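Colleague: Provided herewith is a single structure, encoded as structure tokens, for subsequent inquiry.
The values are calculated or read from the model by the stated rules, or taken from the named source; none is laboratory data. If you're wondering where the values come from, they're calculated on a predicted model, not measured in any experiment. Positions of Cβ are backbone-derived with ideal geometry, glycine not excepted, and every protein chain shown enters the neighbour counts. With ligands, DNA and RNA removed, areas are computed over all heavy atoms of the protein, side chains included. Shrake-Rupley method; radii C 1.70, N 1.55, O 1.52, S 1.80 Å.
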Amino acid sequence: MKNCVIVGVNWGDEGKGRMVDLLTERFDVVVRYQGGGNAGHTVVNDKGRFALHLLPSGIFRDGVVNLLGNGVALDPENLWKEIRDVRSKGVAVTPDNLKISDRASLLLPWHRDLDELEEKRLAAKRFGSTKQGIAPFYADKYQKKTILAGELFYPEELRSRLADLMEWKNLTLTGTYGAKPYTPAELDRWFRDFCEPVIPFVCDAGAWLRDADRSGRRILFEAQLGALRDLDFGIHPYTTSSNTLAAYAPIGAGLPSAKIDGVIGVVKAYSTCVGEGPFVCELFGEEAERLREAGAEYGAKTGRPRRVGPIDLVATRYGAEVQGTTEIALTKLDVLSYMEKIPVCVRYRLHGKETDRFPFPAELDKAEPVIEYLDGWQSDISRVRHFDDLPEAARNYVIYIERAIGCPVTYVSVGPERDSIIR
Ligand code: GDP
């Protein structure tokens, strides 16, 4: 497979980072095509344990070139901190293995402030944003009120553009929120401390990618979050502000003409969700606590406890459909090993009727889960490497899910480490 997209099928946090880290053995290039530093991909490999936010997960493989495409929210402050952090753990990050598209828009300092101020204003009605400035960033991008990374090469023009943007944004900060305005000195500091250090990585990444594609290099497109957080097809308004779907990968990566050969959808063996909004299969109380502990379900970015529940086959089937998955990687099967009976959400009950169709977002909070139970295996499977060596109940669980989604499960992950995988 030459060009492949790896995506989340659910609400995010499915374990995409660990799958990309594993799959990069078969690829030459890894490209992030949307989102920003608002999610965390946790990767555990021979170099250590890392929580990546903006860097593509191919950064740990020698010889792999990593790209941040035009579709990402390029936050120079977070990126530079992340580069320094992984470098301090012995990982090489150079302009040879990291390239930033000159067409990527910069997340500006006030985007984070605005995110925080708006969540505060909403109080009990907040969206549960990670407060990384993603929504204000994309809103401004579509208003053409951001800066392209390539503009960093023209500091004089940039200074004047930034001054105009600052003047405009200060009206909102002070007028709408009564907050402190930005000053030119603060922007100068931001430019010096965070923009200057990343300039060496900025290039015409689109042209580089077209060359790489023509010369047959294998490209892995890495998504952030999952299908249900997609701006257009997710659970509006509890989505992110970018398109998390595989179909957006060629555009956001900077290779609009790319032919995609496969879409690997990552599905967790149970459900988790961070932030507010409908979550039909949510568990509460002791049952939830046990699953959260077993899966260590705390946000990689925020440390927030994740909401948990059984696998939701209605949402998962929809996610796989809109992603156009050609295969599924099922992660964290080992986490379910403690259960005697495993709950599975097979359908929803809506307006007194059972349905397997994923409802329109406004109806989601009226839906109730229809739960069936499969047998558990209650033994440690973390050292199993071949499907046939799994206990029968675990094999049945995987086969059941595969049939319900209607897409082959080609990987089953049984631990966070790179080699804890059945394929
Ligand atoms: P991503 O954003 O989709 O990459 O997912 P996260 O990194 O937020 O969450 C996945 C978490 O599960 C990380 O802490 C991984 O190290 C861990 N993980 C991934 N696969 C497995 C697995 O098969 N078993 C266990 N126990 N942990 C896993």
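Colleague: Output wanted: per-residue J couplings in Hz (rounded whole) for the stretch 158-170, from phi through Karplus 6.51 cos²θ - 1.76 cosθ + 1.60, θ = phi - 60°, x for Gly and Pro.
Modeller: Result, rounded to whole Hz: 4, 4, 6, 5, 5, 4, 5, 5, 4, 4, 5, 6, 4.
Colleague: Ok, one more. Taking every pair of distinct Cα atoms and averaging 1/r, then inverting, what Kirkwood hydrodynamic radius in Å comes out for the stretch 80-190?
Modeller: 15.8
Colleague: How far, in degrees from 0 to 90, does helix 392-405 lean away from the longest principal axis of the Cα atoms of the chain, to the nearest 10?
Modeller: Orientation of helix 392-405: about 60 degrees from the principal axis.
Colleague: Could you grab the relative contact order for the chain? Cα pairs under 8 Å, six or more apart, rounded to a whole percent.
Modeller: Reported as a whole number, the value is 21 percent.
Colleague: So, one more: Calculate one ³J(HN,Hα) per residue across the stretch 42-57 by plugging θ = phi - 60° into the Karplus curve 6.51 cos²θ - 1.76 cosθ + 1.60, and present them in order as whole Hz with x for glycine and proline.
Modeller: 8, 10, 10, 8, 5, 8, x, 10, 10, 10, 8, 10, 10, 5, x, 6
Colleague: Going by amide H atoms built from the backbone, whose H comes under 5 Å of the H on residue 304, apart from near neighbours?
Modeller: 299
Colleague: Kindly express, to the nearest 10 degrees and within the range 0 to 90, the angle between helix 285-294's C-alpha long axis and the longest C-alpha principal axis of the chain.
Modeller: 70
Colleague: Can you list the HN-Hα couplings for the stretch 361-375, worked out from phi with the Karplus curve (6.51, -1.76, 1.60; θ = phi - 60°), rounded to whole Hz and with x for Gly and Pro?
Modeller: Each residue's phi maps through the Karplus curve to give x, 5, 9, 4, 6, 9, 7, 10, x, 9, 9, 10, 10, 10, 5 Hz.
Colleague: Tell me, in nm to one decimal, what length is gained between residue 366 and residue 143 on full extension, where the rule is 0.36 nm per residue of separation less the Cα-Cα distance?
Modeller: Result: 76.8 nm gained on full extension.
Colleague: Name every cysteine in the chain that ends up alone, with no second cysteine's Cβ under 4.7 Å, or say none.
Modeller: Lone cysteines by the Cβ rule: 4, 195, 203, 273, 407.
Colleague: Report, to the nearest whole %, how much of the accessible area of the chain belongs to carbon and sulfur atoms, 1.4 Å probe, protein only.
Modeller: Of all accessible area on the chain, carbon and sulfur atoms account for 50 percent.
Colleague: When each pair of different Cα atoms in the chain is counted once in the 1/r mean, what is the Kirkwood radius in angstroms, to one decimal?
Modeller: For the chain, inverting the mean 1/r across all distinct Cα pairs yields 22.1 Å.
Colleague: Let me have the 222 nm mean residue ellipticity of the chain computed from DSSP H runs of 4+ only, each contributing -39500 (n - 2.57), with the sum over all residues rounded to the nearest 500.
Modeller: -9000 deg cm²/dmol
Colleague: Lysines near residue 332 by alpha-carbon distance under 20 Å, same-chain residues fewer than 8 away left out - which ones?
Modeller: Output for residue 332: 16, 268, 301, 341.
Colleague: Looking at the chain, send over the antiparallel percent of its DSSP beta bridges, to the nearest 5.
Modeller: Taking every DSSP beta bridge within the chain, about 40 percent pair in antiparallel fashion.
Colleague: With every protein chain left in place, what is the accessible area per residue of the chain in square angstrom, probe 1.4 Å?
Modeller: Each residue of the chain exposes 42 Å² on average to a 1.4 Å probe.
Colleague: Using amide H atoms built 1.01 Å from N in the peptide plane, name the residues 5+ places from residue 283, or on other chains, whose amide H lies under 5 Å from its own.
Modeller: Residues meeting the criterion, in which the H sits 1.01 Å from N, are 308, 309.
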